Each structure stands twice: as C-alpha cells, then as structure tokens.
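Chemist: Please find one structure pasted underneath; my questions will follow.
The values are calculated or read from the model by the stated rules, or taken from the named source; none is laboratory data. If you're wondering where the values come from, they're calculated on a predicted model, not measured in any experiment. A quick note on method: Cβ atoms are made from the backbone with ideal geometry, for glycine too, and the neighbour counts reach across all protein chains shown.
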Amino acid sequence: MFELLHQKFAEKISLTEEEFNYCKSLFKPKKLRKRQYFLQEGDVCKYQAFIEKGILRSYTIDEKGSEHILQFATEGWWMADLSSYVTGESSLFNIQAIEASELLLISKPSWDELMLSIPKFEHYFRILIQNHLVATQKRLMQSLSETAEEKYNKFSKTYPDCLQRVPKHMIASYLGVSRETLSRLRKNIIL
C-alpha cells in the first residue's frame, strides 16, 4: 500500500525516503465495502482520501429526491468535501464507494502538520487544489453550454476506466442527462 501515493507525489515533488516515511506515518489505511459511505451529508469531512484501489463518487440529492453526481475518483485521485474539510462545517455532499475500495486517509491536523514540517507538500497540495478549481470551472461551463454528446465525449476522456466500472445511471446523473439519452449517445458513438 503507499506505492501509488509515492508515485503520485513523485510526479510533482522530490522526496527523500525519510520525508516519505514521515508522510506515511500521518496517513491511515481504510477499506470501504461497495456502497459504503466515506462521508454523508450533514457530517463534517474529517479526512481527505487518496484512492489506492476502487472508485468513489461525490453526490448530492435535491429536494425532489434526484441524485446529482459531482465527481468520480479512481485510483491515484483524491476525494473529500474540501469546503467541509477546511472549515469544519457540515458537508453538503455524500461520498460513497462504487466498488470495494482501499483508501489512505489524512486528517486536517495531520495535513497541516505535514505541510508545516515539509514545505514541499504545501507546493504539492497547492497544485492539486489549483487543478481542482480549474476542473470545477470547466465542469460548470460544460454543464451550462455543451451538448449531451460533448459532455459524454469529455467524460470518456476524463474517466476512461469508469465507462466499464460505473453503472450507466450514475454516468447519466454525472452528465445531467436521462438514462435514455445516455443509451442513445452510446449507441450513436458505437455505430
């Protein structure tokens, strides 16, 4: 466990063995069963999760009971309700395992300690948060202005492994289209 985390850190920062061992000491492994929650709406997000294995989804349910998926995270990605994690306020989102998952969790106090002790990590997480902000802005513009086909094409490029691992109704929810529309899109692309 920790090999993928080490690889992801190495893509952006250079760490000594001692620095990485210290980093590892601040994470705790967690396994989730399929459909088990990492976070539920109304709870405070106390951990950021690095996905070693599996897929998580972040979603909300509107007043009509409709589910709206905001994000998927697969191996090598991070998942949290960053707003709740940073502020300590209740989360507006649910985060759930789509398949059995293995996570590495870091609490807010440990995250703060890591960045103070080894400033390289502040650089690493700044890049991640910047990338997350850019992706969020693009996703917002996509939802406002793109056709269903354009959304599906971007989804398949961003989450290629999700096409086979995520139920179709969840993909439709993420795209903001009906299941029927998704079926039509998939059929037209295959033809």
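Chemist: Of all residues in segment 133-148 being surrounded by 14 or more Cβ atoms within 10 Å (Cβ to Cβ) and not acidic (Asp, Glu), which is farthest from the chain's Cα centre (by Cα)?
Modeler: At the first step, the residues of segment 133-148 found to be surrounded by 14 or more Cβ atoms within 10 Å (Cβ to Cβ) are 139, 142, 146, 148.
Among the residues that remain, those that are also not acidic (Asp, Glu) are: 139, 142, 148.
Details: ARG139: 14, GLN142: 18, ALA148: 22 Å.
Out of the qualifying residues, it is ALA148.
Chemist: Within segment 100-123, restricting attention to residues that are more than 14 Å from the chain's Cα centre (by Cα) and not in a helix (DSSP H, G or I), which residue is nearest to PRO29 (Cα to Cα)? First the steps, then the outcome.
Modeler: Quick first cut of segment 100-123, residues more than 14 Å from the chain's Cα centre (by Cα) only: 100, 106-123.
Subsequent filtering for residues that are not in a helix (DSSP H, G or I) retains 100, 106-107, 118-119.
Details: ALA100: 14, ILE106: 9, SER107: 12, ILE118: 21, PRO119: 23 Å.
Of everything passing the filter in segment 100-123, ILE106 is nearest to PRO29 (Cα to Cα).
Chemist: If I ask for residues that are small (Gly, Ala, Ser) and within 16 Å of SER58 (Cβ to Cβ), which ones from segment 142-171 would you list?
Modeler: Of the residues in segment 142-171, the ones small (Gly, Ala, Ser) are 143, 145, 148, 156.
SER143 - this is the single residue of segment 142-171 that is small (Gly, Ala, Ser) and within 16 Å of SER58 (Cβ to Cβ).
Chemist: In segment 39-48, is there at least one residue being touching a residue at least 60 places away in the same chain (Cβ under 8 Å), of a type in the set (Phe, Trp, Tyr) and assigned to a helix (DSSP H, G or I)?
Modeler: Within segment 39-48, the first condition is being touching a residue at least 60 places away in the same chain (Cβ under 8 Å), and the residues that meet it are 46-48.
Still in the list and also of a type in the set (Phe, Trp, Tyr): 47.
Filter again for assigned to a helix (DSSP H, G or I), leaving none.
No - not one qualifying residue is present in segment 39-48.
Chemist: Considering every residue within segment 61-71, establish whether at least one is touching a residue at least 12 places away in the same chain (Cβ under 8 Å) and among the basic types (Lys, Arg).
Modeler: No: zero hits.
Chemist: Taking segment 37-74, which residues are among the charged types (D, E, K, R) and at pLDDT 95 or above? Even if it seems obvious, please write down each step before you answer.
Modeler: Within segment 37-74, the first condition is being among the charged types (D, E, K, R), and the residues that meet it are 41, 43, 46, 52-53, 57, 62-64, 67.
Across segment 37-74, the qualifying residues are GLU41, ASP43, LYS46, GLU52, LYS53, ARG57.
Chemist: Still on this model: Taking ARG126, is it under 27 Å from VAL44 (Cα atoms), in a helix (DSSP H, G or I) and either modelled with pLDDT under 85 or touching a strand residue (DSSP E or B) at 6+ places or on another chain (Cβ under 6 Å) (or both)?
Modeler: On the way: under 27 Å from VAL44 (Cα atoms): yes; in a helix (DSSP H, G or I): yes; either modelled with pLDDT under 85 or touching a strand residue (DSSP E or B) at 6+ places or on another chain (Cβ under 6 Å) (or both): no.
Considered against the rule, which asks whether it is under 27 Å from VAL44 (Cα atoms), in a helix (DSSP H, G or I) and either modelled with pLDDT under 85 or touching a strand residue (DSSP E or B) at 6+ places or on another chain (Cβ under 6 Å) (or both), ARG126 comes out as no.
Chemist: Which of the residues belonging to segment 13-38 are out of contact with any strand residue (DSSP E or B) (no Cβ under 9 Å at 6 or more places or on another chain), surrounded by fewer than 14 Cβ atoms within 10 Å (Cβ to Cβ) and either hydroxyl-bearing (Ser, Thr, Tyr) or touching a residue at least 40 places away in the same chain (Cβ under 8 Å) (or both)?
Modeler: Correct list: SER14, THR16, SER25.
Chemist: If you scan segment 81-99, which residues turn out to be within 15 Å of the chain's Cα centre (by Cα) and assigned to a strand (DSSP E or B)?
Modeler: Answer for segment 81-99, where residues must be within 15 Å of the chain's Cα centre (by Cα) and assigned to a strand (DSSP E or B): ASN94, ILE95, GLN96, ALA97.
Chemist: Which residue is surrounded by the fewest Cβ atoms within 10 Å (Cβ to Cβ), if the candidates are limited to segment 73-99 and must be polar (S, T, N, Q) and farther than 16 Å from TYR37 by Cβ? Write out each step before concluding.
Modeler: Of all residues in segment 73-99, those polar (S, T, N, Q) come to 74, 83-84, 87, 90-91, 94, 96.
Filter again for farther than 16 Å from TYR37 by Cβ, leaving 74, 83, 87.
Working: THR74: 20, SER83: 14, THR87: 12.
That would be THR87.
Chemist: Select from segment 49-65 the residues that are assigned to a strand (DSSP E or B), closer than 14 Å to PHE93 by Cα and not aliphatic (A, V, I, L, M) and list them in ascending order.
Modeler: Our first condition is that a residue be assigned to a strand (DSSP E or B); within segment 49-65, this holds for 49-53, 56-61.
Among the residues that remain, those that are also closer than 14 Å to PHE93 by Cα are: 56-61.
Within segment 49-65, ARG57, SER58, TYR59, THR60 qualify.
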